[in-house]
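Worksheet: one structure, shown below.
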Amino acid sequence: MGTLQGKGVCGGIAIGRIHFLEQRTRTVTQRNVPDEAAECARFMASHAVALEQVAALQEKALREVGEKEAAVFEIHQMMLEDEDYLDAIREIITNESVNAEYAVSVTREEFARIFSEMDDPYMQGRAADVRDISNRLLDCLEGKETDLTLGNEPMVVAARDLTPSETIQLDKSRVLAFVTGGGSSNSHTAILARTLGLPAVIGVGDALSARLDGDMAVVDGFTGTIYVDPDADTLQAMRKRQEEEKARQAMLLEYRGKPNRTVDGTEVLVYANIGSVSELELVKKYDAGGIGLFRSEFLFLDSDAFPDENVQFAAYRKVAKDMGGKRSIIRTLDVGADKQIGYFNLDAEENPALGLRGLRLCLARPDMFRVQLRALARASAFGNIAVMFPMVASVWEVEETRAILESVFADLRRDGVAYNESMEIGVMIETPAAAVISDRLADMVDFFSIGTNDLTQYTLAVDRQNASLDRFCDPHHEAVLRLIELVVQNAHAKDAWVGICGELAADMSVTETFLRMGVDELSVSPPKVLELRKRISEINLA
């Protein structure tokens with residue numbers, strides 16, 4: 001028996017034979033062409049075929065795994081139609097009199113390098129998308145197709161990495177688990193695995209190779225361990241764990257439709273955190289009571305230019321209508337720090353975590369901010385939309401924000417545009433400053449939402465992105481918990497309610513602590529909703 005170690009990104013136990021997908025080696029030869037215009041025309045003809053293929057994949061994804069995975073192919077379509085990308089290819093063909101295949105391969109590597117060198121993990125993930133669409137173009141130019149046929153029995157699908165196109169073309173009924181040498185927690189393989197509820201392990205490295213094809217394996221998506229050719233004892237132990245996990249998941253489904261109520265009858269709101277419109281289906285699937293955090297920056301990250309009012313309005317309206325009257329809290333643009341957007345042209349900062357980010361950036365660019373606030377206000381007419389502002393540290397920031405919002409409301413009234421005049425307004429408590437002055441902030445808003453990730457980082461002066469500081473980054477630190485309790489007390493004294501939307505909300509070891517503090521709402525990733533509901537039902541505050 002041998003073991004491989006990676007990072008588990010979707011829990012579960014899978015047992016089966018490994019099917020290693022060996023990505024086809026692409027050899028692109030540079031050659032001169034006599035007619036650059038004809039070569040550009042040949043490229044654009046293949047480009048049209050690639051667009052048709054992406055549209056077909058999007059329809060397949062919608063049918064099989066829902067809007068979340070299908071959204072990947074919307075990104076691919078945008079990338080394929082991106083003028084900078086197309087111009088780069090055509091310029092190489094024209095200026096160097098070379099074949100389209102060579103121009104595509106050069107552009108692929110250059111654009112992938114640009115994305116991979118960005119600080120934001122989301123944007124780094126777009127490097128894989130660039131390679132995917134570029135390889136599709138090469139296949140169209142060469143008239144080739146990738147063979148993704150699996151065997152007759154369900155398999156553990158392994159690969160050095162998997163592109164979105166490859167994952168969606170696989171026969172899901174024959175996939176037991178995913179294992180990749182590379183990848184990230186936000187990779188398309190990880191997203192698909194979570195959508196399908198399949199165990200997945202990434203980052204195994206070079207130890208994962210084609211020589212393992214056909215070997216029996218056990219994949220532990222909880223620990224990130226893969227047991228290759230397991231011995232009888234290991235196999236028996238893992239089969240037992242597999243059955244226990246199946247029973248646990250079946251039991252959690254029984255909590256759909258049940259109240260979030262403690263033994264003594266205390267009601268708690270359990271909401272979901274999501275990052276895009278495509279995740280609304282997960283909110284419904286796991287029966288969340290509302291949306292506690294909708295990260296609006298996905299609209300900006302997925303675009304190569306500032307999204308206009310109507311683009312934003314369409315997304316926010318969909319949230320409002322799909323949630324059918326359930327409260328949906330949309331956070332205004334929160335970029336800067338670890339989330340950078342190229343077209344914002346932000347200056348490089350020595351310490352971006354303490355720089356121009358969140359509400360600070362919005363107040364520095366009021367015209368941009370007004371566009372988002374206007375779109376949010378218009379969408380509030382279609383459902384129970386609430387708005388909250390991130391990265392607050394001072395009273396004047398909220399005063400200035402409220403003044404801009406009131407000005408937007410006045411414009412809408414003047415234009416005869418409907419909006420919810422009672423739309424709830426809140427702020428995120430992410431800085432110790434906001435926590436300490438929460439008594440004053442509570443006079444100005446309807447609710448607080450505590451972002452425990454940043455609150456922990458700023459309270460303990462620890463960079464949460466720095467893995468070497470893990471032992472110092474303690475979200476259970478007494479100082480962090482005291483600040484949370486202070487915020488709850490100050491909010492309730494002014495008739496405001498309090499939620500927690502950071503990672504601590506899903507930490508079942510402190511659920512009772514939060515409920516005893518009087519926290520009104522906990523917002524977690526959709527798959528955690530039922531588990532949290534179960535935990536709440538076990539607590540007796542009396």
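The values are calculated or read from the model by the stated rules, or taken from the named source; none is laboratory data. Because the structure is a prediction, the values reported are computed rather than measured. Cβ: placed from backbone, ideal geometry, glycine included. Neighbour counts: every protein chain shown. Please note that ligands, DNA and RNA were not included when accessible areas were found on the heavy atoms of the full protein model with its side chains. Shrake-Rupley method; radii C 1.70, N 1.55, O 1.52, S 1.80 Å.
Miscellaneous remarks
Here's the yes/no breakdown for (1) closer than 20 Å to residue 527 by Cβ; (2) β-branched (Val, Ile, Thr); (3) in contact with a helix residue (DSSP H, G or I) (Cβ under 9 Å, 6 or more places away or on another chain); (4) surrounded by fewer than 16 Cβ atoms within 10 Å (Cβ to Cβ):
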{"residue": "233", "(1), (2), (3), (4)": "no, no, no, yes"}
{"residue": "239", "(1), (2), (3), (4)": "no, no, no, yes"}
{"residue": "242", "(1), (2), (3), (4)": "yes, no, no, no"}
{"residue": "247", "(1), (2), (3), (4)": "yes, no, no, yes"}
{"residue": "255", "(1), (2), (3), (4)": "yes, no, yes, no"}
{"residue": "258", "(1), (2), (3), (4)": "yes, no, yes, yes"}
{"residue": "261", "(1), (2), (3), (4)": "no, no, yes, yes"}
{"residue": "268", "(1), (2), (3), (4)": "yes, yes, yes, no"}
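- Screening the range 400-508 for helices (runs of 4 or more DSSP H) wholly inside it with 3 or more residues that are touching a residue at least 12 places away in the same chain (Cβ under 8 Å) and in contact with a helix residue (DSSP H, G or I) (Cβ under 6 Å, 6 or more places away or on another chain) returns the ranges 438-441, 452-460, 478-493.
- Condition check for residue 397 on (1) of a type outside the set (Gly, Ala, Ser); (2) at pLDDT below 95; (3) not in a loop (DSSP other than H, G, I, E, B): one failure, at (2).
- Counting only strands (runs of 3 or more DSSP E) that fall entirely inside the range 193-238 and contain at least 3 residues that are under 16 Å from residue 182 (Cα atoms), the qualifying elements are 200-202.
- Within the range 21-40, being modelled with pLDDT of 90 or more and surrounded by 12 or more Cβ atoms within 10 Å (Cβ to Cβ) holds for 30, 33, 36, 39, 40.
- Each residue in the range 125-173 was checked for being closer than 22 Å to residue 115 by Cβ, in a helix (DSSP H, G or I) and at pLDDT below 80, and 8 of them qualify.
- Odd one out for residue 92, checked against (1) open to solvent by less than 20 Å² (accessible area, probe 1.4 Å); (2) of a type in the set (A, V, I, L, M); (3) in contact with a strand residue (DSSP E or B) (Cβ under 9 Å, 6 or more places away or on another chain); (4) farther than 27 Å from residue 182 by Cβ: (1)
- For the condition surrounded by fewer than 21 Cβ atoms within 10 Å (Cβ to Cβ), modelled with pLDDT of 95 or more and in a loop (DSSP other than H, G, I, E, B), residue 321 does not qualify.
- So residue 479, is it more than 23 Å from the chain's Cα centre (by Cα), closer than 21 Å to residue 388 by Cα and open to solvent by 20 Å² or more (accessible area, probe 1.4 Å): no
- When residue 367 is tested against (1) closer than 26 Å to residue 62 by Cα; (2) in a helix (DSSP H, G or I), only condition (1) is not met.
- Annotation: residue 99 fulfils all but one of (1) more than 20 Å from residue 73 (Cβ to Cβ); (2) open to solvent by 10 Å² or more (accessible area, probe 1.4 Å); (3) not basic (Lys, Arg); the unmet one is (2).
- Restricting attention to the range 482-500, the residues that are open to solvent by 10 Å² or more (accessible area, probe 1.4 Å) and closer than 22 Å to residue 294 by Cβ total 1.
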